[in-house]
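Step one of this worksheet: look at the structure below.
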Amino acid sequence: MSRVLIIATDGFEQSELTGPRDALNQAGIETVVASPEAGEIKGWDKTDWGESVKVDATLDQIDAAEFDALVLPGGQINPDKLRLDETAVGLVKTFAEAGKPVAAICHGPWLLVEADVVRNRIVTSWPSIRTDLRNAGAEVIDREVVVDGNLITSRKPDDIPAFSKAVIEAVQAN
């Protein structure tokens with residue numbers, strides 16, 4: 001069975017974690033939610049705090065070799081915290097350098113910038129971080145999902161169906 005790692009922390013955009021997670025699970029792909037700390041992480045649901053999600057493992061317990069792909073949900077708070085976490089950034093870099101699918105939605109590509117894996121790549125994101133992506137060497141386009149090699153990016157919650165489909169196809173192709 002294929003396994004996909006989802007890295008998140010408090011402040012993840014609710015739908016951007018649960019939507020892809022549920023789609024992957026329905027496709028028969030196991031998902032594991034990892035965070036810097038054990039227990040639960042609290043989602044952000046549009047304009048206020050949302051539901052909590054159980055953390056399956058802490059980041060320091062993760063071996064990238066045990067996973068087929070990585071998903072990075074957005075939300076403004078979540079990736080801003082995670083890009084300061086050396087273990088999270090290291091995992092993103094490890095997955096990307098191994099050629100495994102790395103999928104980031106909304107503000108999630110901030111972690112791709114921090115891991116320095118967007119140079120000379122084509123990506124999309126939430127409008128407010130597109131300058132950061134360009135400054136990191138990416139070509140940014142406005143499309144619901146962009147697949148450039150092993151990188152999969154999307155702009156916003158409305159893109160979750162296309163994003164999830166692209167992640168599932170990438171995992172099944174490997």
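To the nearest 0.05, what FRET efficiency results for GLN172 and GLU97 with a Förster distance of 22 Å applied to their C-beta separation?
0.50
For the chain, report the % of Cα-Cα distances exceeding 25 Å.
Result for the distance tail: 20 percent.
Between LYS165 and ASN25, what's the calculated FRET efficiency when r is the beta-carbon distance and R0 is 22 Å? Round to 0.05.
Computed FRET efficiency for LYS165 and ASN25 comes out at 0.95.
Given the -39500 (n - 2.57) contribution per DSSP H run of 4+ residues, what per-residue ellipticity at 222 nm results for the chain, rounded to the nearest 500 deg cm²/dmol?
-9500 deg cm²/dmol
Work out, step by step, the length gained on full extension between ALA64 and ASP48: first 0.36 nm times the residue separation, then minus their alpha carbon distance; give nm to one decimal.
Full-extension gain reported as 2.5 nm.
Lysines within cross-link reach of LYS46: Cα-Cα under 23 Å, excluding same-chain residues under 8 positions apart?
Within the straight-line cut-off, LYS46 pairs with LYS54, LYS81, LYS156, LYS165.
What order do you get for SER15, SER2 when you list them from fewest to most C-beta neighbours inside 10 Å?
SER2, SER15
Restricting attention to segment 1-109, which trypsin sites (Lys or Arg not before Pro) occupy a DSSP loop and are surrounded by at most 16 other Cβ atoms within 10 Å?
LYS46
Please compute the net charge surrounding ASN120, taking Lys and Arg as +1 and Asp and Glu as -1 over other residues with Cβ under 15 Å from its Cβ.
Around ASN120, the charge tally is -1.
Quick one: the Cα spread of segment 1-55 along its three principal axes, in angstroms, biggest first?
For segment 1-55, the Cα extents along the three principal axes come out at 35, 23, 12 Å.
Taking the Cα-to-Cβ direction at LEU84 and at ILE141 and moving 7 Å from each Cα, how far apart do the two end points lie in nm?
3.5
Using only the alpha carbons of segment 21-104, what is the convex hull's orientation-averaged projected area in square nanometres?
5.7
Taking the Cα centroid of segment 110-170 and of segment 1-79, what is the distance between the two, rounded to the nearest whole Å?
First find each Cα centre; the distance between them is then 17 Å.
Taking amide hydrogens as modeled 1.01 Å from N in the peptide plane, which residues meet the under 5 Å criterion relative to VAL71, leaving out close sequence neighbours?
Residues meeting the amide H criterion: LEU5, ILE6, ILE7, ALA103.
What is the local net charge at ARG130, summed over the other residues whose Cβ is closer than 14 Å to its Cβ (Lys, Arg +1; Asp, Glu -1)?
Counting the neighbours of ARG130, the net charge comes to +2.
Tally the DSSP beta bridges in segment 3-173 and give the antiparallel ones as a percent, rounded to 5.
Percentage antiparallel, nearest 5: 30.
Using the Cα centre as the reference, give the magnitude of the dipole from point charges on the C-beta atoms of the chain (Lys, Arg: +1; Asp, Glu: -1; all else neutral), rounded to the nearest 20 debye.
In total the dipole reaches around 460 debye.
Which of the aspartates and glutamates could a cross-linker bridge to LYS42, judged by Cα under 12 Å and excluding same-chain residues fewer than eight apart?
ASP10, GLU13, GLU51
None of the figures in this text is laboratory data; all of them are computed from the coordinates on show. Note that the coordinates shown come from a computational prediction; the quantities given were computed from them, not determined experimentally. For neighbour counting, all protein chains shown are included, and Cβ atoms are generated from backbone atoms with ideal geometry for every residue, glycine included.
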